[in-house]
Structures are given as structure tokens and as C-alpha cells.
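The values are calculated or read from the model by the stated rules, or taken from the named source; none is laboratory data. Keep in mind the model is a prediction, meaning the values are calculated, not measured. Cβ atoms come from the backbone with ideal geometry, glycine included; neighbour counts cover every protein chain shown. With ligands, DNA and RNA removed, areas are computed over all heavy atoms of the protein, side chains included. Shrake-Rupley method; radii C 1.70, N 1.55, O 1.52, S 1.80 Å.
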Amino acid sequence: MEGMASPFSLKNYLAYGTLGVSIRPNAPARNPLQMPTLAEDGWNAFDEDLLVQTLAETGEDAPLLSEIAFLVQEKFIYASYWLKGDTIIIRVYLIPYDLPGAGGHLTIRQRSEKILRDARCYLIRLLPRLSRSIESWQANNLPEPPSPPPGKDLSEIYESLPSPQPRTTATSFPVMHRLLDFADDLDDLGLRSKLYRYQRESVAAMLQKEMDPQVLDPLFFPVVGLDDKQMFLQPGTMEFLLERPRVDWGRGGILCEELGTGKTVITLALILSTLHQLSEPEHSAIEVLRPVLTPLSFRHFRPELPPEIEKDIEKNSKPRPQSKSKPKFLSKSKPKSQSKSKSQSQPEPQPKPGPRVPRLVELLLHKLATKPMECLSKSADLWEDLEKLEHYTGPRADNIPFYLGRAAKPVDNAPEGQKRSNTQKALETQLLYLTSATLVIVPQNLLLQWKNECLRHCEQLRVLSLDTKVAMPSARELATKYDLILIPIHLFAATKDNGNSKWERCKCDEYSDTIRVPKCVCKPPDCSPLRQIRWKRLVIDEGHVSASLTTNLTFFVNSLSVERRWIVTGTPTTNLLGLNLGKNLAPEFDDERLEGVEEVNSPDEELGSYDEDKVSPPRIWNKHDAQDLTQLGNMIAHFLGVRQLLANGGSVIKTHLKDALLDKNGPRIGAVEILQQLMASVMIRHQISAVEEEVDLPPVNSELVLLDLDPLSIKSYNALQATIAMNAVTSGRKDQDYMFHAQNVGFLQLTIVNMSQLMFWTVDDNFYNAKSQLEDAAKTREKLSPSTSAEDLQLFEEALKHLQLAYADPLWKTLQEHVDVPYRVHNLSKPIFDAWTRTPHTVEGAGPTFAGYMHVDRLRTLREKVLERPLIAEQALVESGKSNARLEEELLKGQKGNRGEASGGQGDGDGDGEQGKSKSGKNKGAESSRSLKANILKAKEATKRAAEPAAIKEMQAELELVAQQNAGLDAVRSENRPSALLASSHIGSTRIGHSASSKLNCIVNEVLRYSDEKFLIFSESELTLAHTSDALQLVGVDFLRFSSQIPPDKRAQSVLTFETSPKYRVFLMELKHGARGLNLISASRVIFCEPVWRADVESQAIKRCHRIGQKRERISVKTLAIQGTAEQAMAERRLVLKDKALKMLQEKGMRDFIANPKFLTHVPTNLPVVDVPFVKLAVPENEEADVLMPDVFTDLPFELPPAPPPIQLQLPEASPSRPATPKRPRLVFEEFISQPPPKRLRQQFSEEQGSAVLVPAPNSPPMASASKPRARVVRFA
């Protein structure tokens, strides 16, 4: 139209930046006045041909000018230029895709894919080179390339996310106003606990996301031009828009508050805030009308429904054929009104023509079912009055709101390995119940904790906990009877749902003519009840598992109809840790420890030398960042179901985000900002400073404890290192014979596990193939390649030396035959020690009290024998030890015989043959079959004992005792007090010294030193935890186990027992299964038995006790490592890598350390010393006191008559089996009993030479049963 301004005007573009291009001094186009055309801004219009003639002789800018010309021609940008000296300044204007008046010709849909692809590549190269300076735009200065922004990784972006700032408006959900009114104590919300301010803000922010899912598209980043205009950039597609679109971003998100800050109570507060709010029918592009129905309204005053559904209703209204098998005499005449309502013989009566006016009570029932929130707010009294009317209870329960829809899920949501298709099944009418319930998916080990949290924080909440022992209720029950339904993740993911969900019309009888609600007894559809409900909300705790698309979890979630979805996790991805609240977790390294430690970003990117004068290069995102992005994208797109990200076959995350961030030259302009916007759009998380203003958590003292190996363990370690060294030398570090070859990853990983276990304690009855390697040393030396370096030859000889040192030590070889940890024993007579030990070897340099080494299982059996018979004769004790040894030897011979028959009789105990070698001939240093099986059996038996009925019964008794004490009852813990005779036993003065495991000694010392605190001890190895449990039992410390091998219900019970009972001071935890989700605030000390490579796993473990509710002034975290080994290197590399989640064998520094074996040759000095009594004595020696007898004497089968005064007894004379007792004050111990001992005990007293007698007790203290006379046992020490 004449006079109308063209849309292609500079005033409609965005002035972005300038570019400088050098020209030749004698260029023909130096005079700007000779340029042919002036642009709208007064500069010269861009002319590629003319400008190319002026370029410097190098011509390096010619391709750039060609790219600019293409972008100008295709109307992606507009360019003009100006000559300043020997430089041409080019202005670049950005043209928006949604330019008004362009008729939509600039949009993506109107341009070819090739043009878009080329333009995207050219813009990616051009924009970073443009100067954003206003001075260069005005040609006052020459353009200079901008400095790249400081590089950020995903973790830094996560930590910098802004705290949620929910805002209320006049239309906001009412409870939001109350949550943000911090003077409101929320008394009637149903919460027992008082929320912190940041928790209230989090709940309000979650409500805001649920109620208003419309947001400005976070995939577009605002760009402000040099003319102060604003446009929006999508860095993945390089699309520019004037208007930022609003999108539906889903009614949910990720609650990822800091670990230990109360995410569970925040979730419960959200549930209580919307307790009576009903879910809404799912929106559909196919069916505009989806009214909320009830059985009453559907049958008698149904609103208009889509035509396809009306057709299905008509089909379902046909009468069912009457059963031919029913005799006529069984038919009964019924009133006309009743016979019409029977669905078995006649169709449902249709309403009479014309308007149908429901009764007032029917309208009320319908309104109460479909709009409970409105009824509560406006007519709460009427609601209460109706609840009191019993004859309305049934109709209200059966009048369940629902909606009808026609839909089918595409099968391309199936997990990997299942058939996928882009087609949909035929649509069919389905009935979905509406509900106010929330479905919460939790790990099995957190199920009991969630139930306890509901009781602790909520006043009235109807909770259903599903497990394998509880049958799944019907959909009608799930939708109406519960507010919160807890289901374990494994049970949810394993739900099989192959049934038909097609709806069939209900034709059941009604309650009455005045209350026409059907009494529905119809058979439900065959599909899972979970699929028959339109869930208001679904929450997954520890929701990082939703990042995987290869399991049934996400697949089944997507098969449900869910209105709002929430992921609750403190660690959304591997590198998003959430471990900064109230602590300093950096290990306390001395500077000299880090000398020579190379600092690198990752194995994929080696950085050059640093020059302060150079501009720092942009951070290049690597494959580990890509894995985190994939996990995050899967959670947001597939689990939360953000439709915007599921467009184009689910490729939006890749094209709009990952491609921009993972560019080979570094993140593109705006890419990091887009990621930050995306995370902020779904994540609810306060910054640490905001939380710390309210929550005063104790500091965490983290310490790396460097220990030396025990001399016996040093020989094992060096023997293993020798096998690695000899493999490296003999293979030439190449081909598949080399342990570190790419195809040997599995075995290499096993070797690392064995090495880690060795640094705690392990054995190898094949002696690390020392015998065969020493015998073949000369032949092996001759076969070495002539090109073998002098360093490798020296390494070979050193390896042989350490193998010889180990194999020549008889004590070391003997210890390799048994899996248990040996302990040093003091003050035990030689005959008893020799009878009970497996290692009767003399140790040079030992003190006069040192008896030798004894395994823990023998120590335990010896102690039990003496506790049963405290004054057993020495010879009897010796014979018992020998008998025990013979029985064990016979059992071992039987196992060897069976193994020899199975293997054809090859191999012997010294490790001859090919057991320790691979088919390729390289010695892999793996454990032989017997010791490996013994280790596995040891670990299994330890976890089995923790789940035995006796252990469970003891836990239950302790829980009952604590419950009684908490209720104010006078309940006392029964204890087995030591016998007074133990002081005179043969082990009365025996002491246990440190074991051959320096880590185990350190743990024992810590537990005994801090006897008023509780411990969490983590290890990746079940065998390590088994050895630790043996040690704790040996020193008399009660403990509990948390293992995947223990049934889930028993694990949950052990968590509750540990938290409530003062008896159990140590919790032994598998790192993989015990590090997440549990609330163990009764503990204040954490010990890692080995360094943890993954920082997220370590932080999760620490957060079990470092969380809200912790009462201790500080948390102690100690990581045990052996100095000079891979463990020390691991801890130091972790510090250098700054908690990046790399696989250990992929990290260059760790791989180099392990691949170049080093022997331990220094004298060990950091060795914890243990010195504890073997048995607990009743009283110190030479002191008189009254002590209770063991419990075995308290239940006797017969009564004693009254007797004369006590009889005085003298100590027996000395005998060959019992030396004379030195003169000292005589101790008298008494215990009043109701009956004399049984025959067995009387015989025992006789064998023990009259050490105790029964005497009458005329002045006995009163008993519960006064009719029984009492006696007293008098014992003499």
C-alpha cells in the first residue's frame, strides 16, 4: 500500500555489533564518498565484491565476507560499513524471524533446511567475533574481539541458581498467601512441625508451578542491542525473535534443596496445602469437552459429551442377555421401580424427554464430589452436618468423580529393547477416576522413614504403604480412601500392565428413589489400578533414578495419567552434589602432599601452560558434561513430561541446548544462560546463604587419615605389585597380554578391587603365584625382549625380591590360608595359645607378654568356652582347642578333596599349575578359588547373621524397651553381667593387641575413644564390613548392619533401632545402598574405610547424619587411606579434579599411578595401637564388691528348703593343673536365687574344684514370688 513503511527497515532490526577488516593501503575503494550506495544509517551498504578488492594481501577475511553476504542476501542480518584508516568497520544488524509485516516469510517453516543450516553455521562463526562496544559502533574506536565469558560447568551453574521468589496475586491459590505471610503459624494446615522460612517459600514456589504452568520460553535468551532494543536468541538454532513465546512448562519440577534441609517435610507440606483439591481431566486436542462426572450425574443429568463417547455410551446401553441357567422359580416379582434399575436383565432406564431437574440433595452430593475445595471454603458446616448423616455415607463413598476420554499412549515410550513405533493404538473410551491423592514413589529402604515422617510432621493424613505383602487395592479405593500412597520404586517399576483399560458402562442398582447413586459392584478393567486414576500428583523420592530411560520406571510413569510430577533429590545428576550446607568438606592436605600432582581438567583435555598475559580460552564442555546434560534432559523432558521438549521426536534438548553447549569451540553465545534458565524453570532450590540464615547445622571436620600397612600386609601388597610389575615387563606393555590393554578392562577393574581390599585385609592361598614365578624367574629373564629398558630390568629384579621376601616368611604364608584377620594376643599361656592358634610361629622382637597371632574366629570360640566355664582347667581348655583344630582340618580336607575331583586332580596348595595364569600366559595375580570363595562366604555369613531371627528379636526387644521408656514406664535394659570368676580364669589377664589390619585398628580405636557418640562406617566391600563386625564383637561394641543382602523390612527396622536405641553405637553401611536418603542424625561420626572416588556418593553418605535435627556441635568425617599407595593418590587426585565425576581408570593421573607399580619399602610408623582386655571383668583385681551372677543361674528347676547359717569354705590346695593362688584379700560375691542349680551345673562346680557352693539364705531380700525360699551362691576368687 502506498505510503506504508517497509518492514525491512533498520529501526525494526537490532544493532548487534561491529567487525574490523584490514585493507591494503592503496586499495581503490579507500574514499567512502566513492562508494555506490548509502545505507539507512548513513554508512555504506554492504558490497562483497567491492570489499574483497580492498582486503589485505593475505585475503584471510574473504570467506568471512562471503558468509556475511549470504546472511545479508537471505535476510538473516543487515550490514553496512565505514572506512577508518586501514580498517573497514562493518556494522551488523540482526533481523528477527518474526519481523512484523514480513508475511511470515522469515520464519523457520518458510525457509529451506539447507539455507537454515548454512545460516546457522555462519552466524555461529560471526557473532563471537563482533565487538559489542558503542565506541566502535560509532566508529570512534576500532572494533576488538570480545573476551570470551568465564567458563562455567554444570555444577557452578547449579550452585548459582537464584533462590525461588514466589509472588502472590489476587488470583493466587489461597494457601500461598498464608505461606508467604510469615506471621501466620499455619495452625490449621495439618502440620505438627513449624516450617522454616525457606521451606515455606519452597512450598509456595511449588504451588505456583502447579497452578500456573505458563512461563516465558526458557529456551530463548534476551539480547540487548547497542540501540537498547531487545530480541531473544535461541543459540542452538540461532533463531532471533522479537516476541518471547509463552509455553506450558508442566505442572511440576525438581525439588533439589540442599541435602539434609527437609525435602520430605516440604513435600508433605505441599500435600497438606492441597489436601482436598481434586485432579482435573487431562487436556486433549481431540476432545474439547471433558466434563467432570459422577455416577449420579452420568445416569440422571449428564452434560454434553463428545460424539464419539456418546456413541460408545449408546453401545454400552444395550441390554445384556438373561442367564438361561437360572430357573424360573428363583425369579421374584419386584416393584416396578426396582426392576427397571436391575442391569442384569434390562437396559438402564433412560430419562424422560425434556429437562430433568435433580433433587437438591443430589446436587449437593454431586457438588461435594466434584468441587470439594469450594464446598469446604463456603459451606464447611454443611459438609460436617452431612458427614453425621449415616444414610449418606454409602452414596457419598460411591459417588466418585471421573471423566471419560478417548486416548491411547504411543508405544514409543517403551524402554530400550522393546519394540517402538510412532503409531498409536486405536482410540477407545476410558474412565479415569479423579482424586485428591498423591502417589509417592520411594526407595525400599526409605519406606519406613517416610511413614515415620508422616506421623512426625502431619496431624491427620490417610497414608497407604504398598509392598509385596500388601495387595494393591482397587482404583476406587485408591482414589477415595487415601491422601498419600507410598510405593517402593522396584515394585512400581515391576508393575505389569498388559490388561485392557476399556470402559464398560455401570448398570448396577441405585441406593433408593430419593438417592439415585448407583451401588457399583462392577468388575474393574484388567489393567493396573494405577492406570485407572487421573492422579493429582506423582512424587519420586531420590528421583535421580528417573534420568535413565532404559528401565521400566519412566515407561510406566508415562503410561499413567498424572497432573503434576515432582522429582525430589539432593543430587539431580552425578556432578550436581548439594553438599555445601554448613560445612567445609575439603580434606586437610598439607602443601607438600600435593607436590608433583598434575592438575588437569579431565583425561580428554590437557591444558597447556598458563600465561597471565593471554586471554583465558573458553571452557570446552566434554563427554562427562554431555552425560550430565543427558541425565538432566531425560528427567525434564521424559519424566516431568514437558511437552515443549518432546517436540520433533524428543530432539529439542539436543538441537536447542546440547549442540550449543558442546560446540567444539566452546559454548555458543547465550548457551550457558539458556541452561541456567532451563534449570531455574524446573528446579526449586535455595542458595546456601539463604538456608544458613535459618538453619544452624554443625560444621563438618573432614580428615584424610594416612596410615601405614602392617608389616604382614606390606608383604601382601608388594607381592601383588610384583605381579603387576612382572606383567608390564614381560608383555612389553603392549598387546592383550598387558594388563592395561583396552580389552582387559574387566580384569583390570577386578585387580583394583582386590588391591583396595588388600589395603584393609585379604588373603590369597595361591600366594600371588610367588612359587611359580620364582621357579620360572631364570626362564622368564631369558625371554625378555632385547629392547627391554634398564628401568624395566631393575623393576623385574625388584619384583622378584619382594616375592621372595613374602614367600620365605612362614608366618605370612600361614596367614594366607585363612580369611579372618589375625590379632596379636598377650598374656596367654603357651599351651593354650598353641592349642588355639593357627600360627604357632615365633615373632622376633616381640615383648615378653606377646603370645602370638590368633584369628578372630578362634578368639571368639575360646572366649565363649571360658565364659561358659570360667574356671575350666588348663588341660581341658588345651584339649578343647586341639579338638576344634582337628575338626576344622577334617572339614578343610573334605573341601580340598571335592575340589580336586572337580578339577581332575590338578594343582596343589602351593599354587603350582596354571591357576593363577591366564590363557595367554600372563600372571594376573588374582586370588585362587579357595580364598576367593572363603572371602565371599565370609561376607555372606556376616550379613546372614545380621538378618537371623535372634538378631531381629533382639532389635525388636530394644525397640519395645525404648518405647516403654519414652512412655514413662519403668523399663530397664537387661544385661549379661560378667562372672566374678573370670578374674581367676586362664584368660582373665589376657589382652588383645592390634590386628594385622591398620585400618581396622584405627576404627576400633575411634569407636572406643568416642564412646558417647554414634558412628556410621561406610565401605564398598561387604568383606571389609564383615571384618569390622568381627572386631566390634571382639571388643564388645553393639552394632547394626545395612546391606542389600538383608531383607528390606529388616533394613528399615535396623534404621529405626539405630536412631532410637542408645545400645547400638555403630552402623555398618554398604556405600552403594546406605549412602542415600536415610535419616541417621543420631550419628555424629563418619568413617570411610577407603577413599570414595565419586564426590556425589561421598556427600550423600555424609548427609545421612549432617542434616536438620543434628544436635552435636560438629560432625567428624575420617577417610582412611594407606600412604604411598593408590588410595593416597586417589584422595589427592579427587582434590585436584575438584569433584568431577570421572571414572577412575579413565582419569589419566590415576591410571598412570596404577600402571606403574611402586613397592612399599619404608619403615611403617603410622600404625594405630590397640590394647583391650579379652574379657570384661566384674571388678578390678584386689577389690571387694557385690556382683550379680550370669543370667544362666536365675532359672532353676526346683526349690530349696530353709537351711542353717552359711558354711565357710577354704580355697583348694594347689595342683599340677592349677598353680597356687598368691595371698591376697578374699573376695566374696553373692547372688540370691530362688532355686538351686541343675545337675549339669552342680557337676561343673565339682569339676572346678569346689569354687562355689550353695548355702542357705535366711535373710533373703523379697522376691516377686514370696512362696519360694531363696538361696545364695557364694563364690571365692
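Would segment 1035-1051 turn up any residue that is β-branched (Val, Ile, Thr), outside any loop (DSSP other than H, G, I, E, B), buried (at least 19 other Cβ atoms within 10 Å of the Cβ) and touching a residue at least 40 places away in the same chain (Cβ under 8 Å)? Looking for residues that are β-branched (Val, Ile, Thr), outside any loop (DSSP other than H, G, I, E, B), buried (at least 19 other Cβ atoms within 10 Å of the Cβ) and touching a residue at least 40 places away in the same chain (Cβ under 8 Å), one finds none in segment 1035-1051, hence no. For segment 81-129, a residue qualifies if it is in a loop (DSSP other than H, G, I, E, B), touching a residue at least 24 places away in the same chain (Cβ under 8 Å) and open to solvent by 60 Å² or more (accessible area, probe 1.4 Å), and the qualifying residues are Asp86, Pro100, Gly101.
The residues listed here are Glu879, Glu868; of these, the one that is over 22 Å from Asp1171 (Cβ atoms), open to solvent by 30 Å² or more (accessible area, probe 1.4 Å) and in contact (Cβ under 8 Å) with a residue 24 or more places away in the chain is Glu879.
If you filter segment 943-982 down to residues that are surrounded by 12 or more Cβ atoms within 10 Å (Cβ to Cβ) and basic (Lys, Arg), you find that the one that is modelled with the lowest pLDDT is Arg973.
When Glu239, Glu210 are screened for being over 30 Å from Ile77 (Cα atoms) and either touching a residue at least 12 places away in the same chain (Cβ under 8 Å) or not aliphatic (A, V, I, L, M) (or both), only Glu210 passes. Checked against the criterion of being open to solvent by 30 Å² or more (accessible area, probe 1.4 Å) and of a type in the set (Ser, Thr, Tyr), the candidates Ser155, Ser202, Ser172 yield just one match: Ser155. Among the residues of segment 821-835, are any in contact with a Phe, Trp or Tyr (Cβ under 7 Å, 6 or more places away or on another chain), in a helix (DSSP H, G or I) and of a type outside the set (S, T, N, Q)? Within segment 821-835, not a single residue is in contact with a Phe, Trp or Tyr (Cβ under 7 Å, 6 or more places away or on another chain), in a helix (DSSP H, G or I) and of a type outside the set (S, T, N, Q). Part of a loop (DSSP other than H, G, I, E, B) and either without any contact (Cβ under 8 Å) to a residue 12 or more places away in the chain or surrounded by fewer than 21 Cβ atoms within 10 Å (Cβ to Cβ) (or both): does that describe Thr571? Taking the combined requirement at face value, the residue does not satisfy it.
Within segment 449-475, work out how many residues are open to solvent by less than 40 Å² (accessible area, probe 1.4 Å), touching a residue at least 40 places away in the same chain (Cβ under 8 Å), over 18 Å from Ala397 (Cβ atoms) and not in a loop (DSSP other than H, G, I, E, B).
Matching residues across segment 449-475 total 6.
Of the listed requirements (1) farther than 25 Å from Phe1159 by Cα; (2) part of a helix (DSSP H, G or I), Gly847 misses just one: (2).
Table: residues versus (1) in contact with a helix residue (DSSP H, G or I) (Cβ under 8 Å, 6 or more places away or on another chain); (2) hydroxyl-bearing (Ser, Thr, Tyr); (3) closer than 17 Å to Gly405 by Cβ.
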position: Glu510; (1), (2), (3): yes, no, no
position: Asp513; (1), (2), (3): yes, no, no
position: Pro518; (1), (2), (3): yes, no, no
position: Ser528; (1), (2), (3): no, yes, no
position: Arg534; (1), (2), (3): no, no, yes
position: Ile540; (1), (2), (3): yes, no, no
position: Ala547; (1), (2), (3): yes, no, no
position: Asn558; (1), (2), (3): yes, no, yes
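Taken over segment 62-91, the criterion of being out of contact with any helix residue (DSSP H, G or I) (no Cβ under 9 Å at 6 or more places or on another chain) and farther than 24 Å from Gly225 by Cα is satisfied by Pro63, Gly85, Asp86. Do we find a residue being open to solvent by 20 Å² or more (accessible area, probe 1.4 Å), touching a strand residue (DSSP E or B) at 6+ places or on another chain (Cβ under 9 Å) and of a type in the set (Ser, Thr, Tyr) anywhere in segment 926-936? Looking for residues that are open to solvent by 20 Å² or more (accessible area, probe 1.4 Å), touching a strand residue (DSSP E or B) at 6+ places or on another chain (Cβ under 9 Å) and of a type in the set (Ser, Thr, Tyr), one finds none in segment 926-936, hence no. Taken residue by residue, segment 700-708 has no member that is within 28 Å of Ala806 (Cα to Cα), without any contact (Cβ under 8 Å) to a residue 60 or more places away in the chain and not in a helix (DSSP H, G or I).
Pairing residues of segment 148-174 that are over 29 Å from Thr571 (Cβ atoms) with residues that are open to solvent by 50 Å² or more (accessible area, probe 1.4 Å) and modelled with pLDDT of 80 or more, at Cβ distances under 7 Å and at least 6 apart in sequence or on separate chains, gives Thr168/His177; Phe173/Met211.
Could you look through segment 28-52, keep only residues that are exposed (fewer than 13 other Cβ atoms within 10 Å of the Cβ) and at pLDDT below 85, and pick out the one that is nearest to Arg120 (Cα to Cα)? Steps first, please.
From segment 28-52, those exposed (fewer than 13 other Cβ atoms within 10 Å of the Cβ) are 28, 31, 33-34, 36-37, 42, 49; that's our starting set.
When the remaining residues are screened for being at pLDDT below 85, the result is 28, 31, 33-34, 36-37, 49.
Details: Pro28: 33, Asn31: 34, Leu33: 34, Gln34: 34, Pro36: 30, Thr37: 28, Asp49: 23 Å.
Applying the filter and picking the extreme gives Asp49.
In this entry, Glu542 passes the filter for residues that are under 18 Å from Arg564 (Cα atoms), in contact (Cβ under 8 Å) with a residue 60 or more places away in the chain and not hydrophobic (A, V, I, L, M, F, W, C).
Residues are listed down the side, and each one gets a yes or a no for (1) open to solvent by less than 60 Å² (accessible area, probe 1.4 Å); (2) on the phi > 0 side of the Ramachandran plot; (3) part of a loop (DSSP other than H, G, I, E, B):
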site	(1), (2), (3)
Lys734	no, no, yes
Met739	yes, no, yes
Thr751	yes, no, no
Arg781	no, no, no
Lys801	no, no, no
Trp812	yes, no, no
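Contact annotation: residue pairs with Cβ atoms under 8 Å, 6 or more positions apart or on different chains, pairing a residue in segment 660-675 that is under 19 Å from Ser131 (Cβ atoms) with a partner that is part of a loop (DSSP other than H, G, I, E, B) and aliphatic (A, V, I, L, M), are Asn665/Ile620; Gly666/Ile620. Applying the selection to segment 253-300, what residues are in a loop (DSSP other than H, G, I, E, B), open to solvent by less than 10 Å² (accessible area, probe 1.4 Å) and not acidic (Asp, Glu)? Cys256, Leu259, Gly260, Thr261, Thr274, Ser279, Thr294, listed by residue number.
Please enumerate the residues belonging to segment 1082-1118 that are polar (S, T, N, Q) and open to solvent by 10 Å² or more (accessible area, probe 1.4 Å).
So the first thing to find is which residues in segment 1082-1118 are polar (S, T, N, Q), and the list is 1082, 1084, 1099-1100, 1110, 1116.
Hits for segment 1082-1118 are Ser1082, Gln1110, Ser1116.
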